[in-house]
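The values are calculated or read from the model by the stated rules, or taken from the named source; none is laboratory data. Here the structure is a predicted model, which is why all the values come from computation and not from measurement. We place every Cβ from the backbone using ideal geometry, glycine too, and count neighbours over all the protein chains shown. To get the accessible areas, we keep the full protein, side chains included, count just its heavy atoms, and leave off ligands, DNA and RNA. Shrake-Rupley method; radii C 1.70, N 1.55, O 1.52, S 1.80 Å.
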Amino acid sequence: MTLSSRQFAQALQVMPGGVSSPVRSFKGVGGTPRVIARGAGAELIDVDGLRYIDYIGSWGAAIAGHAHGHVVEAVERAVRDGLSFGTTTAGEAELAQRIIDRVPGVEMVRLVNSGTEAVMSAVRLARGATGRSKVIKFEGGYHGHSDALLVRAGSGVATLALPDSQGVPASAIADTLVARYNDPAAVEALFDQHPGAIAAVVVEPVAGNMGVVAPQPGFLQTLRETTHRRGALLIFDEVMTGFRVSRGGASALLGVVPDIWVFGKIIGGGLPIGAYAASRRLMKLIAPAGPIYQAGTFSGNPISVAGGLSTLDLLDDAAYLRLESLSERLHRGLADALREIDTTGFVSRVGSMLTVFLGIQHAQNYDDVRAGSPDEFGRWFHGLLDRGVHLPPGAFESWFVSLAHDESMIDRTIAAARESLLELRTTATSAQPASLPASARRCTSPQLQGPRL
Ligand code: KE4
């Protein structure tokens, strides 16, 4: 029994599912999560000293890699001056300005402590600004775990195949309407059914929580036109895509300007953070400037802000070119492996966020994605984990490439993916795959093995 499995067994005694967030639980892929001791660049090192090329990247936040010198130094400097004051500090205004400078259309920003909090606040802003209550979200979209948005959600809700969540009263979701992603007609129909009642449409401009599903040409433009015509607001949830898919995020990349943006993850560089942003006119409705209340003890705290500012320092044009080069190399190698090993599946990618879907050849919405093979993904996941590659433990998640990945790691990932696909195809038992000597297998203890064919 490894130290990791012993420590996870202890975690199971004191935390639900042994985790602080459900997607980490391996429930979607089987087997036992690795207890991670530290991150270094593009690698995770578990408590037994085993190293993994990391494609979780703190679910997208670690775009610079783990423990990047520039980020660590900035955070260390900030920590020495105190952790949190509950007052205004210069850094939070600087971070707000950085976001404004990068994202065309953003005029003011409010910092909060998580993506969930940011989306929840953005919806409240839309409801307050329009005087309307209903909100449209999309099947498979995940916008954090606030009650009103935990309806047919993606990410962990989809991974765990939860119908939704218990504990969310019908009253809390009575104003939540659900449409199919990439289906503008479904949105129009909801506006027809609820004239004058819909405050906002909230959308991941590139869906990342049903796996990566790109917007079809014209989808976002149509949402922009429809919401404008119907007097509703368009909210882009860019917690994942913000400063990931381009220097200005998805709205800048795709040329569609929403009314409200939501950010998280990268703007904290791995420290807890969220933000929502909009025009001056809208944001001046937020207390204390206006009548819409939202607050937070640690909002804009100097440590998360230091993590965000130092990470954004690293995200210049060259960085995005590098991310694209590495991600395209991975995309091509994985696609070649799927084809050469005659595996039904495809790579769905936007910038440095991607998903390999197994069992399907295309995906435009949540129904398409659910026709895939999550069980097969689970077996493939463990084949890669055994070979030192740690994917996000769920078929409905995005993989993230960081600036700390390099060509050698990408090529090792492709080789491991190829071997694991071959293993899926050729072994129905737990025999060692021909290409790897027994000694090279990373973990032989049964409880660390994922489900076998
Ligand atoms: P947080 O509250 O977890 O910071 O952000 C919620 C959120 C909101 N919007 C989008 C588009 C998101 O992707 C997220 C969070 N993403 C998941 C990963 N799919 C976080 C991982 C987890 O839940 O542990």
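Would you confirm, using the coordinates I've provided, whether Ala200 is surrounded by fewer than 24 Cβ atoms within 10 Å (Cβ to Cβ), small (Gly, Ala, Ser), closer than 16 Å to Phe138 by Cα and more than 12 Å from the ligand (Cβ to nearest atom)?
Details: surrounded by fewer than 24 Cβ atoms within 10 Å (Cβ to Cβ): no; small (Gly, Ala, Ser): yes; closer than 16 Å to Phe138 by Cα: yes; more than 12 Å from the ligand (Cβ to nearest atom): yes.
In short, no.
What's the total number of residues in the range 339-384 that are open to solvent by 10 Å² or more (accessible area, probe 1.4 Å) and part of a helix (DSSP H, G or I)?
Final tally of qualifying residues: 10.
Can you work out which of the residues in the range 246-266 that are part of a loop (DSSP other than H, G, I, E, B) and more than 15 Å from the ligand (Cβ to nearest atom) is nearest to Gln221 (Cα to Cα)?
If we take residues in the range 246-266 being part of a loop (DSSP other than H, G, I, E, B) and more than 15 Å from the ligand (Cβ to nearest atom), then Val256 is nearest to Gln221 (Cα to Cα).
Can you find a residue in the range 281-300 that is free of Cβ contacts under 8 Å to residues at least 12 places away in the same chain, open to solvent by less than 20 Å² (accessible area, probe 1.4 Å) and among the hydrophobic types (A, V, I, L, M, F, W, C)?
Yes, the range 281-300 has at least one match.
Within the range 132-140, does at least one residue satisfy the condition of being of a type in the set (S, T, N, Q), surrounded by fewer than 23 Cβ atoms within 10 Å (Cβ to Cβ) and within 17 Å of Trp261 (Cβ to Cβ)? Can you show your working first?
Here is the first cut: in the range 132-140, the ones of a type in the set (S, T, N, Q) are 133.
Filter once more, keeping what is surrounded by fewer than 23 Cβ atoms within 10 Å (Cβ to Cβ): 133.
Next cut, within 17 Å of Trp261 (Cβ to Cβ) only: none.
Within the range 132-140, none of the residues are of a type in the set (S, T, N, Q), surrounded by fewer than 23 Cβ atoms within 10 Å (Cβ to Cβ) and within 17 Å of Trp261 (Cβ to Cβ).
Looking at (1) without any contact (Cβ under 8 Å) to a residue 60 or more places away in the chain; (2) open to solvent by less than 40 Å² (accessible area, probe 1.4 Å), which is the only condition Thr87 fails?
(2)
For the range 204-245, how many residues meet the condition of being among the aliphatic types (A, V, I, L, M), more than 10 Å from the ligand (Cβ to nearest atom) and open to solvent by less than 10 Å² (accessible area, probe 1.4 Å)?
The qualifying residues number 7.
Counting only residues that are among the basic types (Lys, Arg) and open to solvent by 40 Å² or more (accessible area, probe 1.4 Å), which one in the range 1-53 is nearest to the ligand (Cβ to nearest atom)?
Arg24
Being part of a strand (DSSP E or B) and within 18 Å of the chain's Cα centre (by Cα) is the filter here; which residues of the range 105-128 pass it?
Val112
Scan the range 92-104 for residues that are open to solvent by 20 Å² or more (accessible area, probe 1.4 Å) and either in a helix (DSSP H, G or I) or touching a Leu at 6+ places or on another chain (Cβ under 7 Å) (or both) and jot them down.
Within the range 92-104, Glu92, Ala93, Glu94, Gln97, Arg98, Ile100, Asp101, Arg102 meet the criteria.
Of the numbered conditions (1) within 20 Å of the chain's Cα centre (by Cα); (2) not in a loop (DSSP other than H, G, I, E, B), Arg229 satisfies every one except a single condition; which is it?
(1)
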